[in-house]
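S.K.: Have a look at the structure that comes next, please.
The values are calculated or read from the model by the stated rules, or taken from the named source; none is laboratory data. Everything numeric in this text was worked out from a predicted model, so none of it was measured. Ideal geometry is used to build each Cβ from the backbone, glycine not excepted, and the neighbour counts take in all protein chains shown. Side chains are part of the model used for accessible areas, which takes the heavy atoms of the whole protein and leaves out ligands, DNA and RNA. Shrake-Rupley method; radii C 1.70, N 1.55, O 1.52, S 1.80 Å.
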Amino acid sequence: MRTLISQSQLEAGVRDLAAQLNQQYADRPLTVLGVLTGSVVLLADLIRQLEMPLRVGVLQARSYRGAATTAGELVVNLELMPAVEGCDVLLLDDIFDTGRTLDELVRRVRACGATSVRSMVLLNKVGRCEVDYQPDYSAFDIPNEFVVGYGLDYQDHYRNLPFVAALDPEEIAAESL
Ligand SMILES: O=P(O)(O)OC[C@H]1O[C@H](OP(=O)(O)OP(=O)(O)O)[C@H](O)[C@@H]1O
Ligand SMILES: Nc1nc2[nH]cnc2c(=O)[nH]1
């Protein structure tokens, strides 16, 4: 694997995302919803730098299963999500790739009665978007490569890496290429 974004670059990127939220929301209460599972590392690092009255919740979305490096059917589970009616919500995810996950989640959370729904991602994979939606905040543009680390997995591994790396083709199972 090749490192694309180092630990210190990630720290600076997350600091910058937090500063943008602190400026945008100031004293307004915010509900941050982390998209399981990939957002967990970003969620933990980001929320400790937020200064507004904060609620934290999670929901789940999954479409990249097993050895696949392209999206399959999107499955969404809102059972763990707190009530969002009348709330300003920020959906937080690790990566925006085809955009299908966030596009669907923004729609679903709006339908639950949130006052506003914005979205933030760590990584924006350039040139892959298949939807008419863009995240409101993103820290890094990355090329069209399958990446792991800092929450992102391949076959449920690598989420714990403190940096973001691109997998080489020989590290990706032959059947998914
Ligand atoms: O923009 P998209 O093409 O929709 O891809 C982005 C989604 O893909 C990953 O989730 P994944 O389905 O791998 O589930 P995970 O978070 O449990 O790893 C990632 O965490 C995003 O939620
Ligand atoms: N781990 C991982 N998950 C993704 N989901 C969408 N794109 C990616 C990617 O590049 N890596």
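S.K.: Apply 1/(1 + (r/R0)^6) to the Cβ-Cβ distance of GLN134 and ARG107, taking R0 = 22 Å, and write down the FRET efficiency to the nearest 0.05. The partial results should precede the final answer.
M.R.: On the way: r = 14 Å, r/R0 = 0.66.
About 0.95, to the nearest 0.05.
S.K.: So for the pair HIS157, LEU78, with labels modelled 7 Å out along Cα→Cβ, what separation do we get in nm?
M.R.: Each label point is offset 7 Å from its Cα along the Cβ direction, giving 3.6 nm.
S.K.: Once each part is reduced to its C-alpha centroid, what is the distance from segment 70-88 to segment 28-69 in angstrom?
M.R.: 11 Å
S.K.: While we're looking at this one, here's another question. Relative contact order for the chain: what percent, with Cα pairs under 8 Å and sequence separation of 6 or more? Kindly include the intermediate steps, with their values, before the conclusion.
M.R.: On the way: 356 pairs, mean separation 44.3, N = 177.
Computed over the chain, the figure is 25 percent.
S.K.: Output the peptides 71-80, 158-167 sorted from most to least packed, where packing is the average of other Cβ atoms within 10 Å over each peptide's residues.
M.R.: Working: 71-80: 11.9, 158-167: 17.5.
Sorting 71-80, 158-167 by mean packing, highest first, produces 158-167, 71-80.
S.K.: Separate question: With a 1.4 Å probe and all protein chains in place, put ASP132, ASP153 in order of accessible area, largest first.
M.R.: Values: ASP132 160, ASP153 30 Å².
Heavy-atom accessible area, descending, gives ASP132, ASP153.
S.K.: Given a Förster radius of 45 Å and the C-beta distance between ARG2 and GLU85 as r, what FRET efficiency does 1/(1 + (r/R0)^6) yield to the nearest 0.05?
M.R.: Values: r = 45 Å, r/R0 = 1.00.
FRET efficiency, ARG2 to GLU85: 0.50.
S.K.: Would you mind working out the magnitude of the charge dipole of segment 1-157 relative to its Cα centre, with +1 at each Lys and Arg C-beta and -1 at each Asp and Glu C-beta, to the nearest 20 Debye?
M.R.: It comes to approximately 100 debye.
S.K.: Let me ask something else. By DSSP, what percent of the beta bridges with both residues in the chain are antiparallel, rounded to the nearest 5? If you can, show how the numbers build up before the last one.
M.R.: On the way: 10 of 34 bridges.
Roughly 30 percent of the DSSP beta bridges within the chain come out antiparallel.
S.K.: How are the C-alpha pair distances of the chain spread across 5 Å bins, as whole percents from the shortest bin up?
M.R.: Taking every Cα pair in the chain, the percentages come to 1, 8, 18, 22, 21, 15, 9, 4, 1, 0, 0.
S.K.: Grab the DSSP H runs of the chain that are 4 residues or longer, score each as -39,500 (n - 2.57), total them, divide by all residues and round the 222 nm result to the nearest 500 deg cm²/dmol.
M.R.: Working: 3 runs with 39 residues, N = 177.
My calculation for the chain gives -7000 deg cm²/dmol from helical runs alone.
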